[in-house]
Amino acid sequence: MAKDKYSKIPGGLFISFEGIDYCGKSTQVKLLASRLGSEGYGILVVREPGGTQISEKIRDILLDNANLKLAAEAELLLYEASRAQLTRELIIPGKDAGKIVLSDRYFDSSTAYQGYGRGLDIESIHKMNMIASAGIKPDTTFLFDLPAETAQTRYASVPLFKDRLEEEKIDFHRRVRSGFLAIAAAEPFRFKILDADDDIEYISGKIYTEISQFLR
Ligand code: TYD
C-alpha cells in the first residue's frame, strides 16, 4: 500500500505504554506497530522523552549520567518541554491524519516518576501535563506492571550502559511502580493493566485484542 493510502481512523487513535524501567513495553510497541501496519493502518510510533529533533536534545540532558545535579523541578519541566514539542509536532498531526499513534511513555510517566518517585506535588504535575499535552489524552494506556525486584534482575543481566534514572535505588522504582498502580486505579476505563512477567506472545495477543475494539 502506498504511504498515504492507509486505512484512516477518524480522529486517529492514541495509545500509550507505561511501566517501570525494564518492564518490556518497548518490545510490545514494536510488535503492535508491525501487526497493525501490516493490516494497512497508518502507524506513528513515538517515544518519550524524545521523538523530535528538539525533544531528543532534551532527552540527552535528562538521561545523561553526568547531570547528577539536575533538580527534581528542572527534571519535571524538561520532561514536560519534551512532551509539549512532541505533542504539537507529531502526535496531534498524526491523530488528525487518522493514524494510530503509539507512544512509548506519555504524561503518566511524569506523574509516576516525578510525582510518586521524586515526591513533587501531584496536582501541579497534572496541570503541567495538561499544558504539555494540549489537553489530549491517550484513548487507552497499557500499564506493564512488574515488581521493582524483577525489573532489577532484568537490569542486572543487561551489560549495557545505564542511564541516570536506571541508576536510581530500588526504593525509587518501588514508589514509581505503586504510583503507576494508583494512577491506573483512578482511571480504570483508560488503563489496561498487564502482568509484565507473562510471556511476550501472550501479552501481545492481549494488547491486540484490546485495540481491536477500536478498529471495528
Ligand atoms: P528510556 O531509556 O526511554 O527508558 P524506557 O525504555 O524505560 O522508557 O528512558 C526514559 C527514562 O525517563 C525512564 O527511566 C523513565 C523516565 N521518565 C520520567 O522520569 N518522567 C517522564 O515523564 C518520562 C516520559 C520518562
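The values are calculated or read from the model by the stated rules, or taken from the named source; none is laboratory data. Source: prediction; values computed, not measured. Cβ placement follows ideal geometry from the backbone for every residue including glycine, while neighbour counts extend to all protein chains displayed. What goes into the accessible areas is simple: the full protein's heavy atoms, side chains included, and nothing from ligands, DNA or RNA. Shrake-Rupley method; radii C 1.70, N 1.55, O 1.52, S 1.80 Å.
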For the chain: accessible area per residue (Å², 1.4 Å): 49 Å²
Fraction of accessible area attributable to carbon and sulfur, the chain (%, probe 1.4 Å): 57 percent
For a label point 7 Å along the Cα-to-beta-carbon line of F161, residues of segment 1-41 with backbone N under 19 Å: 22
Extension reserve of the D171-I9 stretch, reckoned as 0.36 nm per residue once the Cα distance is removed: 54.1 nm
Simple Cβ-charge dipole of segment 164-209, Lys/Arg +1 and Asp/Glu -1, about Cα centre, in debye nearest 20: 300 debye
With eigenvalues of the C-alpha gyration tensor scaled by 5 and rooted, the chain, Å: 27, 20, 17
Rh by Kirkwood over Cα pairs, then Stokes-Einstein D for segment 39-132 at 0.692 mPa s and 37 °C, µm²/s: 238 µm²/s
Alpha-carbon centroids, segment 176-196 and segment 1-80: separation in whole Å: 19 Å
Within the chain: Cβ-based charge dipole about Cα centre, in debye rounded to nearest 20 (Lys, Arg +1; Asp, Glu -1): 620 debye
Estimated inter-spin distance, S124 and N67, nm [label 7 Å along Cα→Cβ]: 1.9 nm
